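Read the figures in this text as sums done on the coordinates, not as results from a lab. Owing to the predicted nature of the structure, the values given are computational and were not obtained by experimental measurement. Here the Cβ positions follow ideal geometry from the backbone for every residue, glycine too, while neighbour counts run over all protein chains shown.
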2 protein chains.
Amino acid sequence: MQDDQKLDILRSTITVFNKKGLKLTMDDIAEYMGISKKTIYKYFNSKEEIFNKIVDYIFDGIKKREQEILSEEGLSLEQRTRKLLAAFPESYTEIDFTKLGGLKDKYPKIYRKMKRRLESGWEPTLELLEQGKAQGLYRKDADFRIFKIMMDASVARFFETDTLRKSGIPYIDALNQVVDILLSGIRI
Amino acid sequence: MQDDQKLDILRSTITVFNKKGLKLTMDDIAEYMGISKKTIYKYFNSKEEIFNKIVDYIFDGIKKREQEILSEEGLSLEQRTRKLLAAFPESYTEIDFTKLGGLKDKYPKIYRKMKRRLESGWEPTLELLEQGKAQGLYRKDADFRIFKIMMDASVARFFETDTLRKSGIPYIDALNQVVDILLSGIRI
DNA sequence: CGGAAACTGTTTTTACAAATTTGGTTTCCA
DNA sequence: TGGAAACCAAATTTGTAAAAACAGTTTCCG
């Protein structure tokens, strides 16, 4: 009941955020939800706390999806890796990462937290990639740090400017193609 | 003789630019070269003209290198493509692209020119890639637009932040690995 | 309880004039 | 011819004071 409303506030804040970016105000959220600020402050002590909880909410969702993929049966190592690689950027559709400019300066704590979780989110994937290498699936000389940079940078680029929309390629298609090229690229 | 000095000014300006970015002044250049502004204005009518000529200087160099690779004999299609792909970002070491922020606002004409030349610089490479596809070397379903985005984004990332330096991978090695993964990634 | 709205101390934005810097020209001089 | 330096109009930066917006609290009221 109470948790429902808390979640509701988080989700609404995400929606408002995707429109107004970090500049959103508590009044914006209240207005969007048709409630008063008083109610919001009943569940959260500050705006920063809301942002903080949103980070948890997003990344916990990803973590959950990761666990599903990891415990899914009947998948080859390669298939599992593929799914894992795509799972992360798929969640990018939820929140508009391009509106995150200035986070580092305005909310350094949240910035660091996000950075940490973005970083640790790669661990299961790297684990599978290393397994693949050990099994002789991937080239011994493949440097996964480069792999990671390429993946990160490519996905990030999809959100910058109009690159993707201008070329008319759906995001999910582009994402799959990137994963495809990268995995084929390090395969023996 | 005169051309020598013109070139000298261009190269010196690049050096100063790599230190001070777009904020460099004519006095900076004159001081660095140990000459007076008068001499600079003998060869160039304005600062913008210098920047303009630098763009030509850089891209003409790339163009020349491209022509060399294209006319080099005894290379397989794949080897030629490889060299071509690496040629472009190799020139990035000459000029510090990270200091180019604000170019779009300060010198829109030069920004557009650079964008155009960056864009057209891909044409020979795309040509070779298409040839490769026609010869059955690359997958028919490989989308070179995605390929290009991945290449661009990855190389650009190498210059942002400390990504590369922190991991201790030399730029040229990283660049080769990217080209390697991408070409293997679309190969049949 | 919770919405509407007023309230307050702080932060952010705006506005604008003063001070500085800069691009480009000119003068002097060796 | 070309360096040093003065010069000037235009652009940029800086300082700052007023205005606006904001986060968070409180009051009123149904």
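Key figures
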read-out	value
Taking the C-alpha atoms of the range A:52-172, convex hull volume expressed per residue in Å³	122
Value of relative contact order over chain B, rounded to a whole percent, pairs C-alpha under 8 Å and six or more apart	21
Positive minus negative residues near B:Asp96 (Lys, Arg vs Asp, Glu; Cβ under 11 Å)	+2
Separation between Cα centres of the range A:1-77 and the range A:79-128, rounded to whole Å	15
Shielding by partners, peptide A:136-143 (average Cβ within 10 angstrom, other chains)	2
Helix-derived mean residue ellipticity, 222 nm - over the protein assembly as shown, DSSP H n ≥ 4, -39500 (n - 2.57), to 500	-23500 deg cm²/dmol
Cleavage-rule hits, GluC sites (Glu not before Pro), the range B:41-142, DSSP coil, Cβ neighbours within 10 Å at most 11	B:Glu72, B:Glu73
Kyte-Doolittle at least 1.0, axis length at least 15 Å by Cα - qualifying DSSP helices, chain B	B:171-186
Label 7 Å beyond Cα on the Cβ vector: A:Tyr111 copy-to-copy distances, nm	2.3
Exercise: per-residue mean of other protein chain Cβ atoms within 10 Å, B:162-169	2
Mean shadow area of the range B:1-44, taken as a quarter of the surface of its Cα convex hull (nm²)	2.7
Cβ-based net charge around B:Leu10, under 10 Å, with every Lys or Arg adding one and every Asp or Glu removing one	+1
Greater than 31 Å apart at Cα, pairs in A:Lys106/B:Lys109; A:Lys115/B:Lys99; A:Lys148/B:Lys106	A:Lys106/B:Lys109; A:Lys148/B:Lys106
Radius of gyration and maximum dimension Dmax of the protein assembly as shown, Cα, Å	24.6, 83
